[in-house]
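Read through the structure below, which is laid out as structure tokens, and then see the notes.
Just so it is clear, none of the values below were taken in a lab; they were calculated from the coordinates. What you are looking at is a predicted structure, and each value in this text was computed from that prediction instead of being measured. Please note: Cβ atoms are built from the backbone with ideal geometry, for glycine as well, and neighbour counts cover all protein chains shown.
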Amino acid sequence: MSPATPAAPRDRLRIAIQKSGRLAEPARALLASCGLSWRESRDRLFCYGESLPIDLLLVRDDDIPGLIADGVCDLGVVGRNVLSEQDLAGQTDSNARFRELRALGFGGCRLDIAVPDSWSWTDASQLAGKRIATSYPQLLSKWLAGQGIDAQVVLLSGSVEIAPRLGQADAICDLVSSGATLTANQLKPVLTLLESEAVLAGPAVDFEGMRAELMELLLRRLDGALRIRRSKLLMFQAPRELLPSLLPLLPDAEEPTVMQIDGEERLALQALCHGALTWQRLEDLKRAGARGLMVLPVEGLLA
Ligand code: PRT
Ligand code: ZN
């Protein structure tokens, strides 16, 4: 991004998202599901909002908090790990510079401390006097201070997981999702410092005028889109007398629509469920007498 990029105009909203990487596609897809569409600039760094005055700036994820702090962008989609680290790094007092407006349900990972498999781990006091390699020095130092542990923070910008094998550190503090990278490097996770996912971030101060209106509209649509993502329409049939044992199995469902079929005794039900409809839940429903179970995606929802 050019350093001369001007501040976001007051009558439009400008959102920074990752140009490429783990959060790039899901961020765009989520914003598109809120009815946003764009015309892309030739250099593929800027997307001009067509359906609404909401533009995108495509950047490296690490630049997003700084762009918000400088007012170049109004909002950003970034991992909580990056936002929290940079929030701590840039604070001149203890006040947060950024606000996490919504958790977005993708890019999930944990910031973990991991130690060599060979350690017999008991508790955090074992880290005292040790060297811990990380790309998250602020979050790690804050955590160590909170625990009263005196350890050395070794700052690395990448390949943190090989630091113990190279003799650069005794333990690491890094992002983990499946855990495969740790296993491949003979490390094991022992503590979680932060549960992370992609978030919509903004400055700690409120917007005014048109930007405030646009943000309200965006958040309203985002809430609807996030709710729909988690929602499924469940359809099944069951004998009427089994209803009292079936309905408690749907605690996250809205009032089901019940239709009579085959005279009085057999019912067809449809319920909008807002939680995960796992195989386990479907099997529980079947055991309780539900038949013809069908789970359908929800494309739109207007209360
Ligand atoms: O180019 P740019 O700077 O924009 O991208 P980047 O390479 O810095 O970021 P990217 O795309 O790798 O990650 C962006 C964000 O995705 C991170 O800031 C996190 O919020 C989130 N995320 C989710 C992850 C992971 N999962 C993840 N597993 N970011 C990194 N990892 C790495 C981790 O650092 C480790 O090396 O994957 C490895 C561990 O993965 P597992 O599955 O083996 O445990
Ligand atoms: Zn990055």
Item to check | Reachable lysines, given that their alpha-carbon falls under 23 Å from the alpha-carbon of Lys142 and they are not under 8 places away in the same chain | outcome: Lys130, Lys188
Item to check | Calculated log₁₀ intensity ratio I(q)/I(0) where the Debye formula runs over C-alpha points of region 41-170, q = 0.15, 0.17 Å⁻¹ | outcome: -0.86, -1.01
Checklist entry - Using the alpha-carbon atoms, what tilt in degrees (0 to 90, nearest 10) does helix 80-90 show relative to the longest principal axis of the chain? => result 40
Checklist outcome for this item: For region 176-184, Karplus-derived ³J(HN,Hα) couplings (6.51, -1.76, 1.60; θ = phi - 60°; whole Hz; x for glycine and proline) come out as 9, 10, 7, x, 5, 5, 4, 4, 5
Checklist outcome for this item: In degrees rounded to 10, the 0-90 angle between helix 137-147 Cα long axis and the longest Cα principal axis of the chain is 80
Checklist entry - Magnitude of the Cβ-charge dipole of region 109-195, K/R +1 and D/E -1, about the Cα centre, nearest 20 debye? => result 100
Checklist entry - For region 231-297, what is the charge dipole size about the Cα centre, in debye to the nearest 20, if Lys and Arg each add +1 at the Cβ and Asp and Glu each add -1 at the Cβ? => result 240
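Which order results if Val153, Val59 are arranged by neighbouring Cβ count within 10 Å, fewest first?
Val153, Val59
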Item to check | Cα pair distances exceeding 15 angstrom across region 109-195, given as percent | outcome: 51
Next on the checklist: Let me spell out the model: positive unit charges on the Cβ of Lys and Arg, negative unit charges on the Cβ of Asp and Glu, origin at the Cα centre of the chain. What dipole size does that give, in debye rounded to 20?
Outcome noted: 500
Item to check | Summed side-chain charge close to Pro239 - residues other than Pro239 whose Cβ falls under 13 Å, Lys, Arg +1, Asp, Glu -1 | outcome: -1
Item to check | Ellipsoid semi-axes in whole angstrom, largest first, where each is sqrt(5λ) of the Cα gyration tensor of region 231-297 | outcome: 18, 12, 10
Checklist entry - Measuring from centroid to centroid over Cα atoms, what is the spacing of region 235-269 and region 112-159 in Å? => result 53
Next on the checklist: Using the Karplus curve 6.51 cos²θ - 1.76 cosθ + 1.60 with θ = phi - 60°, what ³J(HN,Hα) values do you get for each residue of region 65-72, in whole Hz, with x for Gly and Pro?
Outcome noted: x, x, 5, 5, 4, 7, x, 6
Next on the checklist: From the phi angles alone, apply the Karplus equation (6.51, -1.76, 1.60; θ = phi - 60°) to region 48-56 and give each ³J(HN,Hα) in whole Hz, x where the residue is Gly or Pro.
Outcome noted: 8, x, 9, 6, 9, x, 10, 9, 10
Checklist entry - Can you give the Rg and Dmax of the chain based on its C-alpha atoms, in angstrom? => result 24.2, 76
